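Peer 1: Take this structure first; my questions come after.
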Amino acid sequence: MKILTIDIGTGTQDIFLFDSRLDIENGYKLILPSPTMQVWKKISDATHENRNIALSGVLSGGGPSCWAVQKHLQNELKVFATSEAAKTLDDDLDAVQKMGVVLISEEELTALPGSVQHISMGDFDYSRIRQVFETFGIPLSDLALAAVSVFDHGAAPAGVSDRKYRFEYLDRRLRQFNRLSALAYHAEDIPADLTRMLAVAKDAGSLPCPLMVMDSAPAAILGAMLDPAAQKRARNLVVNIGNGHTLACRLGPGGIEGFFEHHTGCLDAQRMDDLLLDFARGNLSNESVYAGHGHGALCYTQEALPMDHDDFNFIVTGPRRSLVRQSALKPHFSAPFGDMMLSGCFGMLAAAAERYPDLADVIRASFEGDGSQSRAPWDVLD
């Protein structure tokens with residue numbers, strides 16, 4: 001059984017091809033620039049060349065691509081965009097126009113002068129990923145599932161903070177189901193306001209199998225929990241320090257004990273330690289995190305989490321995990337199956353085992369393998 005997993009972050013997109021015939025450590029993997037970083041590069045090149053640009057495609061991850069658009073406009077160059085692509089910049093198209101972006105129809109897009117550089121927006125380009133694997137002799141025609149994770153703020157109504165809107169969505173969903181896999185969806189069941197996830201599903205194109213789409217931050221938390229260190233404790237504090245966002249979760253025998261989410265760029269080492277310690281004690285307030293330009297914080301239990309262990313006090317993953325390298329709180333640097341950068345991919349596999357019961361036994365058997373069936377790649381060639 002093969003499952004293609006793609007964890008799309010702000011800086012990188014991390015790709016892992018699960019093959020149940022192999023130990024997970026032998027699975028094929030890629031770490032590539034994220035789609036928004038690729039768009040950032042194209043726009044930045046156009047800015048240096050003094051070329052107007054036209055954005056088309058679908059809503060996708062912002063951050064670098066949005067910063068590049070702003071810089072392009074500051075250089076008094078034109079930015080045209082279709083409505084779908086423009087929502088990458090802001091769900092409110094009036095706000096996009098106020099930035100200086102010119103909204104155009106698909107027909108007007110084709111009529112633009114040849115000097116305008118066309119840039120396609122989108123998070124999930126299955127055809128390109130398939131071509132890469134096929135270049136190396138690895139077919140993807142027999143996939144049982146594809147799983148993609150993205151960070152989705154949701155389409156907040158006008159006048160509503162997208163930070164609050166996302167955090168309230170997470171709170172509702174986690175209170176209702178009490179498990180991180182509840183933030184993974186069959187493509188056909190994605191809620192209407194999770195517009196970035198819907199765009200991933202829309203862009204799936206010629207995908208030859210079902211698609212699961214998940215929020216990227218909880219996927220990384222689930223993956224970090226597959227590190228053997230997490231099994232030492234009944235209760236854990238797990239932190240994903242991504243390039244764009246940081247998510248911390250308290251997990252215990254009763255499920256999710258609380259979580260907070262922040263912008264990584266707003267944090268330094270001392271601030272991170274302070275947040276984690278307050279969070280463990282149950283003293284971190286939603287208001288204080290939001291006031292610091294984070295998304296929010298919630299504790300579902302009044303019971304403090306001990307932070308005085310001899311070995312480690314919290315588990316950390318994510319590409320910006322060096323932020324806590326010198327932490328006095330004694331972090332454990334998670335590396336599930338030997339690869340920290342694939343925490344999100346492994347987390348999606350864990351979620352798929354819950355969301356797709358027919359795949360569960362095979363996935364869990366791979367997670368729990370004791371090495372007795374260890375095989376080299378040439379032993380399972382088609």
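No value in this document is a laboratory result; all are computed from the given coordinates. Everything quoted here is computed from the prediction, not taken from an experiment. Methodologically, a virtual Cβ is constructed for each residue, glycine included, from the backbone with ideal geometry; neighbour enumeration extends over all protein chains shown.
Peer 1: Nearest 0.05, what FRET efficiency do W378 and D193 give at R0 = 51 Å with Cβ-Cβ as r?
Peer 2: On the way: r = 48 Å, r/R0 = 0.93.
The formula returns an efficiency of 0.60 here.
Peer 1: Same structure, new question: Using r as the Cβ-Cβ distance of K98 and A158, and R0 as 22 Å, what FRET efficiency do you calculate, to the nearest 0.05?
Peer 2: 0.95
Peer 1: Right, another one. In the chain, if the dipole is taken from +1 on Lys/Arg beta carbons and -1 on Asp/Glu beta carbons about the Cα centre, which of I138, M121, F259 is farthest to the positive end?
Peer 2: F259
Peer 1: Moving on. Pairs of Cα atoms under 8 Å, at least six residues apart: use those to get the relative contact order of the stretch 232-334, whole percent. Before the final figure, lay out the partial values.
Peer 2: Working: 200 pairs, mean separation 30.2, N = 103.
It rounds to 29 percent for the stretch 232-334.
Peer 1: In whole angstrom, and with the biggest value first, how far do the Cα coordinates of the stretch 291-378 range along each principal axis?
Peer 2: Cα spread of the stretch 291-378 along its principal axes, largest to smallest: 51, 28, 26 Å.
Peer 1: Note down the magnitude of the dipole of the stretch 35-121 about its Cα centre, charges +1 on Lys and Arg C-beta and -1 on Asp and Glu C-beta and zero elsewhere, to the nearest 20 debye. Walk me through the intermediate numbers first.
Peer 2: Values: 7 positive and 11 negative charges, 74 e Å.
Its charge dipole is roughly 360 debye.
Peer 1: Now for a separate question. How big is the chain by the Kirkwood estimate over distinct Cα pairs, in Å?
Peer 2: Details: mean 1/r = 0.0460 Å⁻¹.
With all distinct Cα pairs of the chain included, I get 21.7 Å.
Peer 1: With the cut-off at 18 Å, tell me which of the pairs K71/K202; K71/K98; K42/K78 have Cα atoms farther apart than that. Before the final figure, lay out the partial values.
Peer 2: Working: K71/K202 29 Å; K71/K98 15 Å; K42/K78 15 Å.
The pairs that break the limit, which is 18 Å between Cα atoms, are K71/K202.
Peer 1: What list of whole percents do you get for P(r) of the stretch 35-121, with Cα-Cα distances grouped in 5 Å bins up to the one holding the largest distance?
Peer 2: With 5 Å bins starting at 0, P(r) equals 3, 17, 31, 28, 18, 3.
Peer 1: Please express the shape of the stretch 299-345 as an equivalent ellipsoid: the semi-axes are the square roots of 5 times the eigenvalues of the C-alpha gyration tensor, given largest first in whole angstrom. Each step should come with its number before you reach the end.
Peer 2: Working: eigenvalues 97, 41, 21 Å².
Over the Cα atoms of the stretch 299-345, the ellipsoid semi-axes are 22, 14, 10 Å.
Peer 1: Between F136 and F367, what FRET efficiency follows from the Cβ-Cβ distance if R0 is 30 Å, with the result rounded to 0.05?
Peer 2: 0.70
Peer 1: For the stretch 258-302, what's the relative contact order in percent, using C-alpha pairs closer than 8 Å and at least 6 residues apart?
Peer 2: On the way: 50 pairs, mean separation 24.5, N = 45.
Here the relative contact order equals 54 percent.
Peer 1: Using 0.36 nm times the number of residues separating N50 and H118, minus their current alpha carbon distance, what extension gain do you get?
Peer 2: On the way: separation 68, 0.36 × 68 = 24.48 nm, distance 1.38 nm.
Taking N50 through H118 to full extension adds about 23.1 nm, to one decimal.
Peer 1: Where nothing but the Cβ of Lys and Arg (+1) and of Asp and Glu (-1) is charged, how large is the charge dipole of the chain around its Cα centre, in debye to the nearest 20? Working shown, then result.
Peer 2: Working: 34 positive and 49 negative charges, 110 e Å.
Approximately 520 debye in magnitude.
Peer 1: 222 nm [θ] for the chain, helices only, -39500 (n - 2.57) per DSSP H run of 4+, per residue, to 500?
Peer 2: Value at 222 nm, helices only: -9500 deg cm²/dmol.
Peer 1: Pairs of alpha-carbon atoms within less than 8 angstrom and 6+ residues apart define the contacts here; what relative contact order does the chain have, in percent?
Peer 2: Values: 769 pairs, mean separation 67.3, N = 382.
Dividing the mean separation by the residue count of the chain yields 18 percent.
Peer 1: Post the alpha-carbon centroid distance, the stretch 64-111 to the stretch 196-231, in whole angstrom.
Peer 2: Here the two parts' Cα centres lie 29 Å apart.
Peer 1: Counting pairs of Cα atoms in the stretch 205-345, how many percent are more than 21 Å apart?
Peer 2: Considering the stretch 205-345, 39 percent of its Cα-Cα pairs are separated by more than 21 Å.
Peer 1: Okay, moving on. Taking 7 Å along the Cα-to-C-beta vector as the label spot, tell me the E287-E108 distance in nanometres, rounded to one decimal.
Peer 2: About 4.6 nm separates the two model spin labels.
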